[in-house]
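Contents: one structure, followed by commentary.
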Amino acid sequence: MTRAAAFFDLDKTVIAKSSTLAFGRPFFQGGLLNRRAVLKTAYAQLVFSRAGADAQQMERLRAQLTSMVTGWDADTVHDIVRETLHEIVDPLVYAEAADLIEEHRAAGREIVIVSSSGAEMVVPIGEMLGVDRVVATRMVTADGRYTGEIDFYAYGENKASAMRELAVEGGYDLADCYAYSDSITDLPMLSAVGHPTAVNPDRGLRKAALEHGWPVLQFTRPVSMRARFSAPPTPVVTGAAMGVGAAVVGLAWYARHRALRSGPAASTVDVPGPLTGRRRRRGA
């Protein structure tokens, strides 16, 4: 019997804001950002929430944020995210998304977060939600600091490629799998499965969903996960090696919302494909 999975984009699909930009204040308090940079991330968060930025604006923002985070200490970023995760992200999870995750889990499907945000943000969020696997953007580190170079972009066609690799590794039949996203840049991700759904879609994805006859859902009710899931976090399998990816603040958000273009192939990274490690086995 073949197995199946439900693939979820993260920002504006499972949570109500950008997972990377949401950590602007803790990074400021931890000494990684100055006040000017905090204002820039706040503005970027506003643009993200309204989905009104064009490719030129995103390119300018990407250049600013890449320069800003280059040289950050990886351990410091990792610690800040872990320490502030529940305060920052816990109130942002859509109740509707949490319900869907529970329904898919009850149906025996594995839950996979596929996000262009950085691993330092996505992996702890995945643990908080109790998902089985995570695919996230990876960044390069040297001597414990972020170089600003991207090891693997989890966006566009690269998301679909990672999902196909997971299908082989996990024994999924993608025709039986589900996928959820809000962005037109995730059209390859949605097209890779037999049951795609647009969630809070931007204008481009709404049009594509109408053309393909895909369901469209509106998630509007953020809810505290502490009230829903009282069990301790469960380790997840991640497509991003721990200790890389924190410099993706803003950068991965930009990658997620820029026009679809060919990104670096997964085969160019220093591990086989965008996924590493052993899959967590579910209890009997």
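Under 8 Å for C-alpha pairs, at least 6 residues apart: give me the relative contact order for the stretch 126-170, rounded to a whole percent.
Reported relative contact order: 28 percent.
Among all the aspartates and glutamates, which ones have a C-alpha under 18 Å from K207's C-alpha, if same-chain residues fewer than 8 places away are not counted? By straight Cα distance, K207 reaches D54, D182, D186. The slack between R203 and D99, meaning 0.36 nm per residue of separation minus the straight C-alpha distance, is 34.9 nm. With the highest mean first, a sort of the peptides 139-149, 90-100 on other beta-carbon atoms found within 10 angstrom per residue produces 90-100, 139-149. Note on the stretch 78-130 and the stretch 155-211: Cα centroid distance 18 Å, given to the nearest whole angstrom.
No value in this document is a laboratory result; all are computed from the given coordinates. On a predicted model such as this, the values are computed, not experimentally measured, just so you know. Backbone-built Cβ (ideal geometry, glycine too); neighbour counts: all protein chains shown.
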